[in-house]
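Notes follow the structure.
No value in this document is a laboratory result; all are computed from the given coordinates. Treat the numbers as computed from the prediction; the structure is a model and nothing was measured. Cβ placement follows ideal geometry from the backbone for every residue including glycine, while neighbour counts extend to all protein chains displayed.
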Amino acid sequence: MMLDGQDQHERSTCTIDMNDNPEDWILDIDGLTKGYASGPAALAGIDLRIRHGELFAPLGPNGAGKTTLIGIFCGLISASGGSVRVDRFDVRRDFRRTRSIIGLVPQELQTDMFETVGDTVRFSRGLFGLAPDPDHIERTLRSLALWNKRGARIMTLSGGMKRRVLITKALAHEPKLLFLDESSAGFDVELRREMWPLIRRLRETGVAIVQTTHCIEEEEQMADRVGVIHRGRLLLADQADALLVRLGRKQLSLQLETPLEALPEALAGWPLTLSHNGQRLDYQFDSNDDQRRVPMLIRRLAELGIEFSDINTRQSSLEDIFVDLVRETA
């Protein structure tokens, strides 16, 4: 599988429709880099645009650059080169304005444990110079089952409840762009279920969401687009179903009636492998290959007198594609 930008110093790119109206984009990244005096670049020339109301999921192993990327977006880390614009404002020149547009839920629990839930959420809104809005605060607290805890000190809450407080604080000032940095790692089952409808409601109002997570199956279901980041490079970014068609593979497995010691010469032209001590015959093919080759293979096996007792197929998942991409660029 060949990828653009194989060289470490090349710009990482993804498909962008340059004819789109700039007003469609809440986040516009051009040639973003982050380097240090020693060691490889943390980010190596990333280009990316994210639309209003879009959920984008950057996937990558630990140390890939995801948290560095979010830190630059939020003005917590200085970039070495390139530009980042949030709602068409530069994050360097217009830090206060862009930061007021962004909500951040960090990986770590960071909040004043001696404050009450209600006070810390109201304080978070006031930090951005917004007038008090008791109705918005109440709606946000209720959406995360915190209304009955509004008078409780944060130190008395469970880990899951503290995670809810972080999300509520990030939403207190009504951001247009929400970053969830590995936040789902602290989600219990109940909170995970509550977050899905909340995320859908936010997107319906035009809020864009960037969510990093190790739960690839969740992103496959929720995200509009996914990206793969490895060693500071954005290897690709596309819709999950488009990636499955473009890079996915299928496997046809046949349980043989009689084990084979080796593949017959007559099948040498087929991409077949024997497994399970010759008891299973596996055929791998691209998702967009001509599907007629499967019945052709079945007919060919019948002609050779190779019988099978069971058959099943498997479609590669987004996780399979992610693992393959990271392995190939290791």
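Structure notes:
- Net +/- balance of residues flanking G103 in space, Cβ distance below 12 Å, scoring K and R +1, D and E -1: +2
- Crossing angle, helix 318-328 versus the chain [Cα axis fit, 0-90 degrees, rounded to tens]: 80
- Where Cα atoms sit under 22 Å apart: lysine pairs in the chain separated by 8 or more or lying on different chains: 5
- Basic side chains Lys and Arg get +1 at the Cβ, acidic Asp and Glu get -1 at the Cβ, and with that the dipole of the range 83-150 about its Cα centre reaches some 300 debye.
- For the chain, the longest principal axis of the Cα atoms and the long axis of helix 134-143 meet at an angle of about 30 degrees.
- Rounded to 10°, Cα long-axis angle of helix 159-171 versus longest principal axis of the chain: 70
- Radius 11 Å from Cβ of A64, net charge of other residues (Lys, Arg +1; Asp, Glu -1): +3
- Fewest-first ranking of S143, S38, using other Cβ atoms within 10 Å as the exposure measure: S38, S143
- Between A37, A131, A172, the Gaussian network model of the chain with springs among Cα atoms under 10 angstrom shows the greatest mean-square fluctuation at A37.
- Stokes-Einstein D in µm²/s, Kirkwood radius over Cα pairs - the range 72-188 at 10 °C with 1.306 mPa s viscosity: 106
- The chain - charge dipole about Cα centre, Lys and Arg +1 at Cβ, Asp and Glu -1, debye rounded to 20: 1380
- Antiparallel DSSP beta bridges within the range 22-238, percent to nearest 5: 55
- Gaussian network model of the chain, Cα within-10 Å springs - most flexible of T98, T111, T313: T313
- Sum of -39500 (n - 2.57) over DSSP H runs of 4+, divided by residues of the chain (222 nm, nearest 500): -9000 deg cm²/dmol
- Mean-square fluctuations from a GNM of the chain, with a 10 angstrom spring cutoff on Cα atoms, peak among L55, L318, L252 at L252.
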